[in-house]
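Report on one structure; see the data block that follows.
Every number in this text was worked out from the coordinates using simple rules, so none of it is lab data. Because the structure is predicted, anything quoted here is derived from the model rather than measured. Neighbour counts are summed over all protein chains in view; Cβ atoms, including those assigned to glycine, are modelled from backbone coordinates with ideal geometry.
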Amino acid sequence: MDQCRLEEFINEIVILSQINHRNVVELFGCCLETEVPLLVYKFIPKGTLFQQLHHPNGEFPFTWEIRLRIAVEVANAVSYLHSAASAPVYHRDIKSTNILLDDKYRAKMSDFGTSRALAIDQTHLTTLVLGTIGYLDPEYLQSNQFTEKRDVYSFGVVLVELLTGQQPIFATPAGDVQNLAAYFRQSMEENRLFEIVDAGVLKEGRKEEITAVGKLARRCLDLNGQTRPDMKTTAKDMEMIRASQGASSAIQEET
């Protein structure tokens, strides 16, 4: 086991031993009796959000309601990491492959190997750039400084994945390779949100809800990190959007 992997292994144990949240994967312990040390988690049976979004098997309809709930759960988990954990934690690799789904399709954040806990008065980390292409904040690539707003950007990409059903790096019908975040920002500027939204989302979601989620995703993906909302605000806004969906459903049932 190389030194880098060993450090990530130890780091994940340290981070997860301090975290208790229903939308963060539960670590049972570790096994050191194998050639390569293993982390032992609670079994999460439905795979990753990436698999369900981009390679569905038809077993479960991935409805707009489910997508909204997952977005709320992920936002709440990251908000907890930033502002409610015993020490602030930056995840540093938020992406749909690191969001697991349990038997009821509830989100569980995973993979804390590159995460970092901060001192209470610390506002950023100066590090080598780590992360996944398509989810990386362009500002981070220039500055090497990781702040809480980098996680906000990555969450914004996941939110756009849920809206559009597209991968973070995807090919258009014409064969052009596109960065989803940049493509989404341009589409929002050109008022073409409903042209790029997933067909199922467009069919099931109210336009007001889709627009609200789109506007929130656009704020999360702002190229200026300082103007992005923090995760606490983002989670609150997602909760309000989902609550409006519930209220709308109740009104429809009554009528």
Practice problem: Please report 25, 74 as a ranked list, fewest other C-beta atoms within 10 angstrom at the top and most at the bottom. | Solution: 25, 74
Self-check item: Alpha-carbon gyration tensor eigenvalues x 5, square-rooted, for the stretch 1-54, Å
Solution: 22, 15, 12
Practice problem: Extending each Cα 7 Å along its Cβ direction at residue 60 and residue 34, get the distance between those two points in nm, one decimal. | Solution: 2.5
Quiz item: Could you put 112, 60 in order, starting from the residue whose Cβ has the fewest other Cβ atoms within 10 Å?
Solution: 60, 112
Quiz item: In sequence order, what are the phi-derived ³J(HN,Hα) couplings for the stretch 138-145 according to the Karplus relation 6.51 cos²θ - 1.76 cosθ + 1.60 with θ = phi - 60°, rounded to whole Hz, with x for glycine and proline?
Solution: x, 5, 5, 4, 7, 9, 6, 9
Quiz item: What lysines sit close enough to residue 207 to cross-link, taking a C-alpha to C-alpha distance under 23 Å and skipping anything fewer than 8 places away on the same chain?
Solution: 215, 236
Quiz prompt | Sparse-neighbour loop sites [GluC sites (Glu not before Pro); the stretch 161-204; at most 13 other C-beta within 10 Å; DSSP] | solution = 190
Quiz item: For the chain, what number results from the quotient of the Cα radius of gyration and 2.2 N^0.38 Å?
Solution: 1.02
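Rounded to the nearest 500, what is the chain's calculated 222 nm mean residue ellipticity when only DSSP H runs of at least 4 contribute -39500 (n - 2.57) each, over all residues? Walk me through the intermediate numbers first.
Values: 10 runs with 121 residues, N = 255.
Calculated at 222 nm, the ellipticity per residue is -15000 deg cm²/dmol.
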